[in-house]
Amino acid sequence: MPLLDKVRPRISGITSMLQQSLEGLLIQGLQTSNVDIVRHCLRTYATIDKTRDAEALVGQVLVKPYMDEVIVEQLVKSTPNGLQIMYTKLLEFVPHHCRLLREVTGMAISSEKADIVPGYDFLVNSVWPEIIKGIEERIPSLFNAGNPDTFYERYTISMDFVRKFDRQCGSQASVRRLRAHASYQSFHNKWNLPVYFQLRYKEIAACLENAIADGLEAAPAGSCYHLLVSQVLWNSLVRCWAEKVYLPPLSHRFWKLTLQLISRYSKFLTEMLTKSPSTEVSKDPVRPLPSSASSTSSRTSQDDGGSESGSPATLSTKQLVFIASDVDKLQDQLLLFSYCKSVDIVPFDCLFDKCPSMPCVLSPEALEDSKASLSGCIPTLNSKMTRHLTERCFRFLKSASEVPRLYRRTNKVRRPCTTVTTSAYMDNALRPLHQLLSDSKDMVKPSIAQDWLRVALNDCTHRYFETISDVLSSVKKMEESLKRLKQARKTATTNTIGTTGGPTDDSKIRLQLALDVEYLGEQIQKMGLQPADITMFSTLNDLVQGAQDVTPSEQAGP
């Protein structure tokens, strides 16, 4: 209406004069702690729809001077607990300087509902913005993420301050308004959490990569693991959720890193178990496996029946046992990631105790996949272990082919007439199996070691059976050839089979082989197995026993 256009300037002028009077009166009421004046002023501000102006005035006149005095960068840097002291003083502002405003606006517990002035939230709209503005302008270095340890300390102290400030709000509605405030979001966005995580990522991942580069080194004394890389992996997993590393907003990132660490470890073990020794020596000569896999120890052990041989990159039996033991231990330890904080039945230092604020954001499915990838190397390890044992054992078992040479008549002094001892090659052949039992004791489950022995003995016995069959076949052919030669010469002086009435060389060979097989059966029982568990042992035993059932006419000359 035209009339409104005429009176609008007068209304604005009256409003401006009224605001100036209200500002002075409100400041006077706050300085003198006069409840009636403050209440009257706030109601008038609400009547003319200027509540935000009243809150801004309180922020400039009452809050800002205090913040200028308390928020000082020099105090934060020069004092060890400077940041904590500053936040404590900031929290003291509300109960000491905002008591009157909270009572009038109904934010205090003692406020009388009949006299409150609604529509105001000085904590959210006056105090909080001035605090955040002062921190962002006067202490910009607070948000630097260059030093992750310092960043973690400052962030946790600051978030604790935010939580305590939340509690000072008079209602849930006030808390919601605070968290929706632009300065609240701005303060949280100032903390560069992705940069902090990247620094932690490099720090944690580098430790595992360095351990992987060192190969299969032994773990330090006192460790519950046997390989250094396994101990470093567990330390890295625990560090992801450690009290001074883990931050709740980064839970999804640390969880991903946890799965990546397990996957990297699994891949490393698979590579160690599947790579060719010859390829390893030719392609990467500067990083051979340490300890018993070194070239020096490999060369010096080739002459020892119970030691291990092979190229410098060949894994030793003890290293394979260490891998199996550590994988089994890690499988048990990873169950801790599935437990809630309330579960107190844990066999090891529970990482949830180190991080009480950890949320339940862990994915059981992802953890199962990681555990499956970890256990995926077990079949390869079992195959490598049994193949390794078989090769070491059969290297001596094939010496059975040399038994006939020891008993054939030569120009050398002949062995005693009756065979009563086991061949030396048998002890050498079985020594790796006994050593496995010794190395794996209290490291892997007995059933696992027994499975290794069973498979290795089955393979060895099968190949040993073929060797014995060839020896007995050769002995029989030689025996028949000598009998034909004897008959052709028709003289007792050329009897190369043996002296009438005594055991022949061939019978001694058969007896020696029977004793060796009998000894093998006894040693199988000492290892905790039964000869019946070995597929070819019964057939082997029947072979050597049946070879001794020859007629007297075949044993003695005419």
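Structure notes:
- Solvent-accessible surface ranking, highest first, for R52, R264, R10 at 1.4 angstrom: R10, R52, R264
- Computed with every protein chain present, the accessible area of Y152 is close to 30 Å² [probe 1.4 Å].
- Computed with a 1.4 Å probe over protein heavy atoms only, the accessible surface of segment 73-202 comes to 49 Å² per residue.
- Vicinal HN-Hα couplings computed from phi for segment 380-387 (Karplus, 6.51 cos²θ - 1.76 cosθ + 1.60; Hz; Gly/Pro x): 5, 4, 4, 5, 5, 5, 5, 5
- If R0 equals 41 Å, the separation of the Cβ atoms of K190 and N235 corresponds to a calculated FRET efficiency of about 0.80.
- Other-chain or far-sequence residues with amide H under 5 Å of L227's (modelled H): A219
- For V162 and T32, the difference between the fully extended length at 0.36 nm per residue and the C-alpha to C-alpha distance is 43.8 nm.
- With contacts taken as Cα pairs under 8 Å at a separation of at least 6 residues, segment 24-137 carries a relative contact order of 30 percent.
- For S186, net neighbour charge (Lys/Arg +1, Asp/Glu -1) across residues whose Cβ lies under 10 Å away: +1
- Between segment 472-488 and segment 153-175, the alpha-carbon centres lie 101 Å apart.
The values are calculated or read from the model by the stated rules, or taken from the named source; none is laboratory data. Treat the numbers as computed from the prediction; the structure is a model and nothing was measured. Virtual Cβ from ideal backbone geometry, glycine too; neighbours counted across all protein chains shown. Note: areas computed on protein heavy atoms with side chains; ligands, DNA, RNA excluded. Shrake-Rupley method; radii C 1.70, N 1.55, O 1.52, S 1.80 Å.
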